[in-house]
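Notes follow once the structure below has been shown.
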Amino acid sequence: MAQRYQLLIRDRHGFERSVPLTRSVTLGRQSLCDVVLSDSMISRTHLRLELRDDIWWAEDLQTTHGSFYKDQQLGRVAWEAGTPLRLADGAYTLTLVSQDQSSSELHLQAILETAQLLAEEVDLEDLLEQSLDKLLSISGTDRGFLMLLEDGELMTRVQRNLGKELEGSIQVSLSSVHKVFETGDPIWILNVADEHHLMNHLSIQRLELKTILCLPLLLQGRRLGVVYLDSRRPITEPPDRETFEAIVALCAIAIERTRLSEENLRSHVLATVGQVASSIVHDFKNGLFVLRGHADLLELSTEDHKIRHHCKKILECVDRLTHLSQDVLDFAKVREPNRETVDLKSFLDAILEPMVPRAAELGVQLRAEGHPCLVKLDPGRFTRVMENIMANALDATTDMSGEVLISWSQVTGGVQIRVRDRGRGIPRKVIKRIFEPFFSYGKKKGTGLGMATVKKIVEEHGGTLEFISEEGSGTEVIITLPEHPITGTFKVCDESTGNHRVLGSEGA
């Protein structure tokens, strides 16, 4: 049986993929390489793997950050299967894996490994990453992404080795990806050279397309999403199509099972919060009110500094428990906002003013940018939204000097408010849980309901809330509120000219 080899590639974040090795290949950052490694530490052409007389040779191509084999800087060396080779101080770790299995054995192994996803208890984000990595490995492709249908739209959930702008990075248009989702008909192109009708496409020529696989994620005829995979090199040992489609179907089953499990868990948590709120929180607040009253009287009736100190500690604890009780009540109840017409600039300035002294103590500059702008919202409820977001932004910049910028502008169909800090940032696995009830991150005294309540209030206003964050690069929170008719006569500022104009009773 002929010896088979695979190149196992693991990046600095722990993501793995494998590429079948049947011929000499070049690895590097530029798109012309046989295997593209997108990390900025990797040189444009970094490593050459050459097969001679059944021996694989690895050669560093005079790179800036080097390649290392057995803890020694690599020049050119015979590469032993199973011995890791490290690129650019750990940006990637490569392992040569020999395989003696037949094609049918490999297909069966791939199906069994994918089926294992059904038995594992992992969260949805981890499952999506595992599914995409598995499909990349089995197909031998280099890049790809996985989209799921959410709120009526296809949303990219995970991707590998692609830029932020998918439309400019992938080798077919996103309209083709959407067509695969809508029709259920996959794109299966193993070598563009064999597809003469595609060679006239400028995008395909520009991106030097070789292989494209785009398949729908289907479950009992219901469309869940789509997976896209591509490679700038032809796949020498392509996967069996029926086997690969079966593996994609298994991934779809695992994704839907995990998503339903998370939704059921969330529904159970929400129901529990509602029960707690209706049964004990009001009585709890009444008890806190009595406790606060007696602590206030005791503090006022004595000059003993020790007793006054203890009273202060009691009152601080009462305030925190009162805040938690209010969070539970706010989260459990659905309320129609009591909207008023407010000038967004004056409204936000009033919220920021008492925060300035605390920001100064932390060495943080608070800045606000935006023209006067009228919006209809519930001032009392929305104040809680902004106070919570601003407090989080200040907490994130505690360990460093920086600034927190709040800005607002009119957008098509409404108003957008942005809060941007240059703090620690939020890990990706935390972002997906940021709105989960009773989940707290980075706060010793957090209630775990702050952001859940913020999201609920924004949604009660018909708006949307988005977090953009990266560890070490800060966080941006984007609130988008829809337009509501504004009655009466008001003056607002035209952002394009700086001039004020009058709005009458017909609306904004």
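Within segment 77-92, restricting attention to residues that are outside any loop (DSSP other than H, G, I, E, B) and of a type outside the set (A, V, I, L, M, F, W, C), which residue is most open to solvent (accessible area, probe 1.4 Å)? Write out each step before concluding.
As a first pass, look at segment 77-92 and keep what is outside any loop (DSSP other than H, G, I, E, B): 77-78, 85-90, 92.
Checking which are of a type outside the set (A, V, I, L, M, F, W, C) leaves us with 86, 89-90, 92.
On the way: Arg86: 74, Asp89: 112, Gly90: 23, Tyr92: 14 Å².
Filtering first and then ranking leaves Asp89.
For segment 163-200, what are the residues that are touching a helix residue (DSSP H, G or I) at 6+ places or on another chain (Cβ under 9 Å), open to solvent by 70 Å² or more (accessible area, probe 1.4 Å), modelled with pLDDT under 80 and assigned to a loop (DSSP other than H, G, I, E, B)?
Passing the criteria: only Met199.
Any residue in segment 407-424 that's under 14 Å from Ala393 (Cα atoms) and free of Cβ contacts under 8 Å to residues at least 40 places away in the same chain: show its pairings with residues that are outside any strand (DSSP E or B) and among the small types (Gly, Ala, Ser) at Cβ separation under 9 Å, as long as the two are six or more apart or on different chains.
Close Cβ pairs satisfying both conditions: Ser407/Gly370.
Looking at (1) closer than 26 Å to Glu129 by Cα; (2) open to solvent by less than 30 Å² (accessible area, probe 1.4 Å), can you tell me which one Leu74 breaks?
Only one criterion in (1) closer than 26 Å to Glu129 by Cα; (2) open to solvent by less than 30 Å² (accessible area, probe 1.4 Å) is unmet by Leu74, namely (1).
I'm trying to understand the selection: among the residues of segment 99-125, which are within 20 Å of Tyr5 (Cα to Cα) and either surrounded by 13 or more Cβ atoms within 10 Å (Cβ to Cβ) or modelled with pLDDT of 90 or more (or both)? Don't jump to the end; show me each part of the working.
Quick first cut of segment 99-125, residues within 20 Å of Tyr5 (Cα to Cα) only: 99-111, 113.
The answer is Gln99, Leu106, His107, Leu108, Gln109, Ala110, Ile111, Glu113.
To keep it simple, each residue is scored yes or no on (1) modelled with pLDDT under 85; (2) not aliphatic (A, V, I, L, M).
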residue	(1), (2)
Leu127	yes, no
Gln130	yes, yes
Ser137	yes, yes
Phe145	no, yes
Leu149	no, no
Leu154	no, no
Asn161	yes, yes
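Need pairs with beta-carbon distance below 6 Å; first residue under 24 Å from Asp53 (Cβ atoms) and within segment 14-28, second open to solvent by 10 Å² or more (accessible area, probe 1.4 Å) and part of a loop (DSSP other than H, G, I, E, B); sequence gap 6+ or separate chains.
Every condition considered, the pairs that remain are Pro20/Glu237; Thr22/Thr236; Val25/Asp34; Thr26/Asp34; Thr26/Thr45.
Yes/no matrix, rows are residues, columns are (1) open to solvent by less than 80 Å² (accessible area, probe 1.4 Å); (2) under 23 Å from Leu132 (Cα atoms); (3) not polar (S, T, N, Q):
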site	(1), (2), (3)
Gly14	yes, yes, yes
Arg17	yes, yes, yes
Ala58	yes, no, yes
Lys70	no, no, yes
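Among the residues of segment 26-44, are any open to solvent by 30 Å² or more (accessible area, probe 1.4 Å), under 32 Å from the mean Cα position of the chain (by Cα), of a type outside the set (S, T, N, Q) and more than 27 Å from Glu129 (Cβ to Cβ)?
Taking every residue of segment 26-44 in turn, at least one turns out to be open to solvent by 30 Å² or more (accessible area, probe 1.4 Å), under 32 Å from the mean Cα position of the chain (by Cα), of a type outside the set (S, T, N, Q) and more than 27 Å from Glu129 (Cβ to Cβ).
Where in segment 283-397 are there helices (runs of 4 or more DSSP H), lying fully within it, with 1 or more residues that are of a type in the set (Val, Ile, Thr) and open to solvent by 50 Å² or more (accessible area, probe 1.4 Å)?
Working: elements: 305-332, 344-352, 356-361, 379-396.
Ranges flagged: 305-332, 356-361.
Could you list, in sequence order, the residues of segment 23-78 that are in contact with a Phe, Trp or Tyr (Cβ under 6 Å, 6 or more places away or on another chain) and of a type in the set (Phe, Trp, Tyr)?
Of everything in segment 23-78, just one residue is in contact with a Phe, Trp or Tyr (Cβ under 6 Å, 6 or more places away or on another chain) and of a type in the set (Phe, Trp, Tyr), namely Trp56.
The values are calculated or read from the model by the stated rules, or taken from the named source; none is laboratory data. Given the structure is predicted, the values throughout are model-derived calculations rather than measurements. For neighbour counting, all protein chains shown are included, and Cβ atoms are generated from backbone atoms with ideal geometry for every residue, glycine included. All accessible areas refer to the heavy atoms of the entire protein, side chains included, with ligands and DNA or RNA removed. Shrake-Rupley method; radii C 1.70, N 1.55, O 1.52, S 1.80 Å.
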